[in-house]
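Only one structure is covered here, and it is reproduced in the block below.
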């Protein structure tokens, strides 16, 4: 196996693993946040507006962790710096 | 239609025109397009405003937008919204319009490029201390960095940088992922599922525009009013308690 194949293999496996592991935490966190917000709205329907706004902002915060993972796996698949480096080495 | 290939994650890579170091890519082109649309439409509508009972439909659209933004800003900041409306409103309108226009074929949202979102979040990064200093003075603003003790200074500074990065990457990741999901689904199951994901992408685009501007407002509010809250805390909160029991039927 030459280095190109190795880099491609490791990148693809790591990208999948990054999404798989990295989305567990945010998924649990978002579920918990929505659960608590629903409970709060059920108890205090008058405060729905401020609860919803805070919920959205909080969800965005939690979701950004999953988005980081997604961006990293996108970089690994579509714009891999190691891959470009290996191609440049092989070409030059 | 497919300007941005599947293997390119940023519209910066599609270059239209180049002269030495001056590069015009489609991110810039569509940013200018969105800017022209916003400025042109606002200019056309505000050219003949009327305070009559009968207003034109475009004027009422603008009124709904502006009053909604004002009420949201007032709710978050708990003070006069006109101070923040130009900055926060511009952020919201620009991001919102550039995300919604993806229904036009051949258009790539400029917010799907990390350069645009980084520029937007850097402008928030600069605006936070500006608003803070103009509100509570340089010394009081700097004092916030040393609360509660001086040990927390590096953490405050780190927080400023990391939330700027988070703001940029969140918007970029959401819009870019919507784009990519549609492109991948088009290759796998054409027509129906990409359409649904596209509709979801429109919703996500608006929610992200809302979140970006609300977060910017929250950051600015935390820089401007941390001092006042402390003063308010000294007084007994009798009215608040009374209001809470009134709002809550279970209490």
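Values in this text are rule-based calculations from the coordinates and carry no lab data. Keep in mind the model is a prediction, meaning the values are calculated, not measured. Methodologically, a virtual Cβ is constructed for each residue, glycine included, from the backbone with ideal geometry; neighbour enumeration extends over all protein chains shown.
A Cα-only calculation for the protein assembly as shown places Rg and Dmax at 23.3, 78 Å. Taking all Cα pairs closer than 8 Å and separated by 6 or more residues, the relative contact order of chain B comes to 24 percent.
The calculated FRET efficiency for the pair residue B:75 and residue A:36, based on their C-beta separation and a Förster distance of 22 Å, comes to about 0.60.
Seen against the Cα atoms of chain A and their longest principal axis, helix A:3-22 is set at about 10 degrees.
Tell me, A:46, B:25 in order of fewest to most beta-carbon neighbours within 10 Å?
Numbers: A:46 12, B:25 20.
Going from sparsest to densest Cβ surroundings: A:46, B:25.
As a proxy for reagent exposure, B:103, A:51 were ordered by neighbouring Cβ count within 10 angstrom, fewest first; the result is B:103, A:51. Pairwise Cα distances in region B:11-247 exceed 30 Å in 41 percent of cases.
Helix-only mean residue ellipticity at 222 nm, chain B, DSSP H runs n ≥ 4 weighted -39,500 (n - 2.57), per residue, nearest 500. What is it?
On the way: 8 runs with 176 residues, N = 251.
Using -39500 (n - 2.57) per qualifying helix, the result is -24500 deg cm²/dmol.
Output needed for region A:30-84: three equivalent-ellipsoid semi-axes, defined as square roots of 5 times the C-alpha gyration tensor eigenvalues, in descending order, whole Å.
Numbers: eigenvalues 278, 16, 5 Å².
Semi-axes (√(5λ), whole Å): 37, 9, 5.
Expressed in Å, the radius of gyration and Dmax of the Cα atoms of region B:127-167 are 10.9, 28. Kirkwood's formula applied to the C-alpha pairs of chain A gives a hydrodynamic radius of 15.8 angstrom. Let me have the relative contact order for region B:70-131, percent, based on Cα pairs under 8 Å that are six or more residues apart. It rounds to 17 percent for region B:70-131.
Taking the longest Cα principal axis of chain A as reference, the axis of helix A:81-91 is set at about 10 degrees. For chain A, adding -39500 (n - 2.57) for each run of n ≥ 4 DSSP H residues and dividing by the number of residues yields -31000 deg cm²/dmol at 222 nm.
Taking only Cα atoms and a 10 Å spring cutoff, compute GNM fluctuations for chain B and point out the largest among B:151, B:36, B:95. Between B:151, B:36, B:95, it is B:151 that shows the largest mean-square fluctuation. The long axis of helix B:114-136 is offset from the longest Cα principal axis of chain B by roughly 20 degrees.
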